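Inspection log for the structure reproduced underneath, given as structure tokens.
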Amino acid sequence: MKVKYFLLIFLILINTGGILAQNLRLVNLQNEKNVKLADVSEFVEVKAFVKNVSSSPLNVKVMEIGRNVASDKVRINYCWAGLCLPSVKDVESEAEQIAANAESELKVDVYPENTVGLNQVTYRVFPVGSIEALDVTFKVNITTGSTSITRSINNATGATLSQPYPNPSSSISTINYHIPGNYKKAFLVVFDIFGKEIARLELERPSDAISLNVKKFNPGLYFCCLEVDNKVVSSQRLLVN
């Protein structure tokens, strides 16, 4: 009878947010935002900090356990253990070692893709080799606001930049672009996650497809930016593997 009672309590804990974490705490929560669609340049960043309150270092992983988004077009990326990756349900991250009494940042980027509504995603945070865990939900609510401008990265030109394909890539990615109206110079500029310029390709036509060779790029996340007359007017992310 006691064994059955213990198993029942164990299953209840699992199904209501994991085993209570004894060694981890969520601190400095910045996990909810309300944003006007007009104010979204490309994505909305929310984050939380995971603190190791034990006296020993812990190797900690995160994993998406569920989401509820406003549209199938909405994309979600997360950053943990030095990597920024597309979020996939039930796929564990790499482990990040958190020193005793130290904190690590869990950052989530929500790409609304010109859709309004509430977007929620929940992650489970857990030490490797332990049954303890804690859950944290990130919420980004996109509202219409009072203006008709729906998306802008200093973009009054109407210029567009497509998603790179394939993405992720290890060799060549193709990106389509379109720049209406008159302009002097345009470039496709690639930056790494630290803001360092990795490549700059001049665009000779107002509309075309450009091939980006990433064979010599280090694995990681890059930002492909359309620059028109010294202004970045559109941006897309590219994952190199």
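The values are calculated or read from the model by the stated rules, or taken from the named source; none is laboratory data. Bear in mind that the values here come from a model prediction, so they are computed numbers and not experimental data. Using ideal geometry, Cβ is built from the backbone for each residue, glycine included, and neighbour counts are taken over all protein chains shown.
Some notes on this structure:
- Residue that is nearest to the chain's Cα centre (by Cα), among those in region 99-132 that are in a strand (DSSP E or B) and at pLDDT below 90: 118
- Scanning region 64-81 for residues that are in contact with a Ser or Thr (Cβ under 8 Å, 6 or more places away or on another chain) and in contact (Cβ under 8 Å) with a residue 40 or more places away in the chain returns 64, 65, 66, 67, 70, 71, 73, 74, 76, 77, 78.
- Residue list for region 82-98, restricted to those being more than 18 Å from residue 31 (Cβ to Cβ), free of Cβ contacts under 8 Å to residues at least 60 places away in the same chain and under 13 Å from the mean Cα position of the chain (by Cα): 82, 88
- Residue match in region 182-197 (condition: surrounded by fewer than 16 Cβ atoms within 10 Å (Cβ to Cβ) and touching a residue at least 60 places away in the same chain (Cβ under 8 Å)): yes
- Single residue of region 209-224 satisfying the filter (of a type outside the set (A, V, I, L, M) and touching a residue at least 60 places away in the same chain (Cβ under 8 Å)) that is farthest from residue 190 (Cα to Cα): 220
- Yes/no for residue 87 being touching a Phe, Trp or Tyr at 6+ places or on another chain (Cβ under 6 Å) and either crowded, with 16+ Cβ neighbours inside 10 Å or at pLDDT below 90 (or both): yes
- Condition met for residue 44 (β-branched (Val, Ile, Thr), at pLDDT 50 or above, closer than 30 Å to residue 98 by Cα and surrounded by 12 or more Cβ atoms within 10 Å (Cβ to Cβ)): yes
- Tallying residues that are without any contact (Cβ under 8 Å) to a residue 60 or more places away in the chain and of a type outside the set (A, V, I, L, M, F, W, C) within region 30-63 yields 7.
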